[in-house]
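All of the numbers you see were taken from the coordinates with simple rules; none came from a lab. In this text, all values refer to a predicted model and were calculated from it rather than measured experimentally. Methodologically, a virtual Cβ is constructed for each residue, glycine included, from the backbone with ideal geometry; neighbour enumeration extends over all protein chains shown.
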Amino acid sequence: MTARHVGRIAVIRSRHDERATGPTETHHDARYPAETESSRPCFDPRVRADIVICGLGPAGRALAYRCLVRGMSVIVVDPNPRRHWRATYAAWTDELPAWLAGTTLAATVALPRAYGLRAHTIPRSYSVLDTGRLQRSLDITGATVLTGRATRLDRHIVTLDTGRTLQAERVIDARGLRRRPGRAEQTAYGLILDDPGPDEPALFMDWRADNGADPGSPRSFLYRIPIGGDRVLFEETCLVGAPPIDLGELARRLRCRLRARGIPVRGDEPVERVRFPVVGGAPRPGRFGAAGGYLHPATGYSVGAALAAAGDIADGHTRVPNAARAVYRLRRAGLRALLALPPSELPGFFDAFFELDINLQYAYLSGRADFAGTVAAMTRLFAGVPPGTRARLAAATLHLPPLSPPGSGSVIME
Ligand SMILES: Cc1cc2nc3c(=O)[nH]c(=O)nc-3n(C[C@H](O)[C@H](O)[C@H](O)COP(=O)(O)OP(=O)(O)OC[C@H]3O[C@@H](n4cnc5c(N)ncnc54)[C@H](O)[C@@H]3O)c2cc1C
């Protein structure tokens with residue numbers, strides 16, 4: 001094992017690391033002479049680049065990759081830059097940029113299904129990404145990769161927790177979202193099973209009540225998608241909650257659902273545990289990915305949007321149009337509406353959503369700056385739900401006091 005120290009930043013290479021990281025990352029740290037903490041200057045004018053990207057999740061890494069493709073000098077900073085992504089990422093196929101290698105797709109479903117009180121076929125292709133291939137395909141060879149924590153980000157200067165500063169033409173915050181008490185979160189518990197057979201459709205969202213949950217308790221849905229290699233992810237999901245449904249309860253519900261559907265579980269299957277905040281970002285110049293308001297607060301999706309925008313951000317189109325800020329506010333209103341509905345009204349709400357014209361569904365789910373489309377989708381949705389639900393949606397959207405009967409518990413939990 002060899003270690004090279006950069007102030008307190010150590011890039012440690014071991015045989016294990018090399019195997020784990022593969023050929024995609026190199027560490028060009030020749031610019032950073034080894035120095036002791038006391039001799040290290042606070043501001044190092046030699047540490048310059050076209051762009052410093054803080055955070056190497058899907059957003060930061062995609063941006064770094066697109067910047068390198070354009071020949072820019074790139075510094076990336078992350079507390080754990082060699083971390084292997086483990087999450088199963090998926091997106092609507094039409095969101096994915098043309099430059100993304102086809103090999104990064106693990107599976108594509110042409111017509112995913114949804115269930116509220118009724119069955120729906122969604123006429124929009126949905127793709128599941130092969131996480132390992134996605135990470136490797138966002139090749140950051142050529143970037144200066146620093147292990148560290150960015151604590152202060154200005155327009156041109158990043159300060160690390162060691163006190164070291166980095167200078168660049170542009171600084172991008174792609175540090176994701178922090179969990180904080182009171183913040184709405186999405187949780188899910190998933191099992192990866194062998195494919196039970198071609199008759200089982202991919203389920204984008206299945207609110208049917210066969211998961212053994214108490215009818216008055218916060219509701220969760222089943223997400224069932226192929227992930228390639230004849231394997232299927234079955235995930236019991238709490239769309240949003242503050243607090244969300246805990247993972248133990250979701251695991252219990254998932255097993256109950258699988259039993260009810262006659263799907264056998266051995267007990268040693270790989271598990272996916274999901275928990276992340278859906279709020280905390282904001283659409284601002286200099287921010288990207290979940291940190292930059294790309295994460296839809298009412299659905300938890302951001303990967304497709306970040307991949308799609310990475311090229312534009314690399315090109316310097318960082319201005320945030322007013323329409324994008326307005327759409328983000330509407331999406332926050334959508335989150336409030338979800339949090340305000342009692343559990344019994346959720347399936348009907350999603351029936352109305354999946355009965356919207358697919359262009360309106362697209363506008364609400366994917367149109368980051370489509371203000372008119374988002375308003376049209378929300379208006380049509382509002383008209384399509386039952387009158388009681390409509391009153392609650394209106395109150396929540398307009399920030400009026402909740403109309404749910406006291407003690408009933410909000411839909412997804414508030
Ligand atoms: C298990 C799971 C499954 C998900 N599935 C999907 C999905 O299918 N589709 C979808 O669209 N979304 C999904 N999401 C939600 C969301 O899109 C992801 O969380 C996504 O990873 C967000 O990407 P990001 O790059 O913006 O932020 P993150 O992935 O959170 O990356 C942030 C990075 O910043 C680094 N960092 C943190 N602090 C600092 C610091 N101070 N300095 C430098 N670096 C820092 C972190 O180490 C991390 O690498 C899922 C989330 C989870 C947890």
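Tabulated data
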item: Ranked list, fewest to most other Cβ atoms within 10 Å of each Cβ, for ILE140, ILE192, ILE172; result: ILE192, ILE140, ILE172
item: Residue exposure sequence - CYS54, CYS256 - by fewest surrounding Cβ within 10 Å; result: CYS256, CYS54
item: Alpha-carbon centroid distance for the pair the range 174-249 / the range 266-313, whole angstrom; result: 16
item: Rg/Rh (Cα only; Kirkwood hydrodynamic radius) as it applies to the range 48-185; result: 1.06
item: Computed over the range 226-280, Cα set: Rg, Dmax in Å; result: 12.9, 40
item: Order of PHE204, PHE382 - criterion: other Cβ atoms within 10 Å of each residue's Cβ, fewest first; result: PHE382, PHE204
item: D (Stokes-Einstein, µm²/s), Kirkwood Cα radius, the range 131-264, 0.890 mPa s at 25 °C; result: 133
item: Cα-based Rg of the range 107-172 normalised by 2.2 N^0.38 Å, two decimals; result: 1.95
item: Three-way shape label, the range 278-374, alpha-carbon gyration tensor, a/c 1.5; result: prolate
item: Kirkwood Rh in Å, taken over the range 189-333 so that all alpha-carbon pairs contribute; result: 17.2
